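For reference, the structure is listed below as structure tokens.
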Amino acid sequence: MRRLRNLRRPFFFVLLTATLWAQSFVAKPLSDLGSGKYKGFSGGLYENGLNEIPHDHAADGRALAAQVKPIRGKFVLLAIGMSNATIEFRTFENLAAADTHVNHSTMAVINGAQGAMTACFWRFATENPVQSGCRAPRPIPNQYDRIRDELLKPAGLAEDQVEVIWLKNADPRPTVALPNSDADAYVYERELGEMARAARARYPNLKLMLISTRIYAGYAAVPLNPEPYAYEYGFSVKWAIQSQIDQLRNGKVDPIAGDLDYKKGVAPWIAWGPYLWADGTVARSDGLTWKPSEFQADGTHPNKDGAEKVAHMLLDFFSNSPYAPWFKK
């Protein structure tokens, strides 16, 4: 199979190969895994194999959500991340704009995600990412500067109006899977902490960061971000959130995620946004599946159908979450 991946082949063959790939990776979505184990790691989106936010963290999240208010008439819901994020959020923007139940009066929805801007490029509040170690084939500006200059300012907005972020990101070409102690899942957990702190440093009124991970990657025809990494990044998010919960409980800073104290303004309060991963055509408990026909030819990026699926999940999440009363009219 590895030799076949290196050949040039038509799209139908990519899909055939991708289907075979899907059968080689079997895992339960974190939301279905519960108290079960994946390579020794417990499931559930939150602690104790549960999908519900712990009461103490939930209470703080609701309190902060209630503080999301317009500044000079507007507050910003901002998306940051890589190519998948910008594709999906663009479709979500259109859905939200057409929904009469959405708050169009005081909420500005800004898509700050951009193709190829993987996790490394969002780790730095003010530094140039390439000069700070991110690999890129060309000069890349600081991403928060880009958002300020190319998106916020033209819309008559400023950084102090950004109060909520949806984050979806990944690292390119991961190579080390769990349970290895050097697994890319741990690298991404560290980067999540860095991204949270960088965003809070740029946006002084940022209160909430809601995080999603990759959609299914078992059809990937390129090594950009295949399985099991798209799946294992779910553990990165779970662990980063738990490290924030534990820090607020016992005062101890996690050695991987780092300081995430939202009460001292170091980072925003973080929690799961919609969890997007399902094991290909194997239906999740809520019915979610991912078909080859919902992906572009690379098997990594969603096509129109795939983007619409994520966009509807985002709209449903923000419309019904107790941490997003600010989203509705």
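Close contacts from the range 121-133, counting a first residue that is within 9 Å of ALA198 (Cβ to Cβ) and a second that is open to solvent by 60 Å² or more (accessible area, probe 1.4 Å), with Cβ to Cβ under 6 Å and a gap of 6+ residues or different chains, come to ALA125/ALA201. Do we have any residue at all in the range 129-144 that's within 20 Å of LYS74 (Cα to Cα), open to solvent by less than 20 Å² (accessible area, probe 1.4 Å) and out of contact with any strand residue (DSSP E or B) (no Cβ under 6 Å at 6 or more places or on another chain)? Yes.
Take the conditions of a type outside the set (Lys, Arg) and either on the phi > 0 side of the Ramachandran plot or in contact (Cβ under 8 Å) with a residue 24 or more places away in the chain (or both) and apply them to PRO255. Does it pass? Considered against the rule, which asks whether it is of a type outside the set (Lys, Arg) and either on the phi > 0 side of the Ramachandran plot or in contact (Cβ under 8 Å) with a residue 24 or more places away in the chain (or both), PRO255 comes out as no. Could we say that ALA220 is open to solvent by less than 20 Å² (accessible area, probe 1.4 Å), more than 22 Å from GLU189 (Cα to Cα) and in contact with a Phe, Trp or Tyr (Cβ under 9 Å, 6 or more places away or on another chain) here? Yes: the conditions hold for ALA220. Every listed requirement among (1) open to solvent by 10 Å² or more (accessible area, probe 1.4 Å); (2) closer than 28 Å to SER321 by Cβ is met by ALA177 save one, (2).
Of the candidates ARG249, ARG214, the single residue that is open to solvent by less than 10 Å² (accessible area, probe 1.4 Å), among the basic types (Lys, Arg) and either touching a residue at least 60 places away in the same chain (Cβ under 8 Å) or closer than 18 Å to ALA177 by Cβ (or both) is ARG214.
In a residue-by-residue description of the range 182-197, the property of being in contact with a Leu (Cβ under 6 Å, 6 or more places away or on another chain) and open to solvent by 10 Å² or more (accessible area, probe 1.4 Å) applies to no position. Cβ-Cβ distances below 7 Å connect the following pairs, each with a first residue in the range 271-290 that is without any contact (Cβ under 8 Å) to a residue 24 or more places away in the chain and part of a loop (DSSP other than H, G, I, E, B), a second residue that is of a type outside the set (Val, Ile, Thr) and surrounded by fewer than 20 Cβ atoms within 10 Å (Cβ to Cβ), and a separation of six or more residues or different chains: THR289/ALA283. When LEU30, LEU64, LEU77, LEU50 are checked against the criterion of being modelled with pLDDT of 95 or more, in contact with a Lys or Arg (Cβ under 6 Å, 6 or more places away or on another chain) and surrounded by 12 or more Cβ atoms within 10 Å (Cβ to Cβ), a single residue qualifies: LEU64.
Mind checking which residues of the range 89-101 are within 22 Å of the chain's Cα centre (by Cα) and either surrounded by fewer than 20 Cβ atoms within 10 Å (Cβ to Cβ) or of a type in the set (Lys, Arg) (or both)? Walk me through how you get there before you give the answer.
Here is the first cut: in the range 89-101, the ones within 22 Å of the chain's Cα centre (by Cα) are 89-97.
Correct list: ARG90, GLU93, ASN94, LEU95, ALA97.
Here the range 175-208 is the region considered, the condition is being in contact with a strand residue (DSSP E or B) (Cβ under 6 Å, 6 or more places away or on another chain) and of a type outside the set (A, V, I, L, M, F, W, C), and the residue that is nearest to TYR229 (Cα to Cα) is GLY193.
The values are calculated or read from the model by the stated rules, or taken from the named source; none is laboratory data. Everything numeric here is computed off the predicted structure, so don't read it as measured data. Cβ atoms come from the backbone with ideal geometry, glycine included; neighbour counts cover every protein chain shown. We work out accessible area using only protein heavy atoms, side chains counted, and drop any ligands, DNA or RNA first. Shrake-Rupley method; radii C 1.70, N 1.55, O 1.52, S 1.80 Å.
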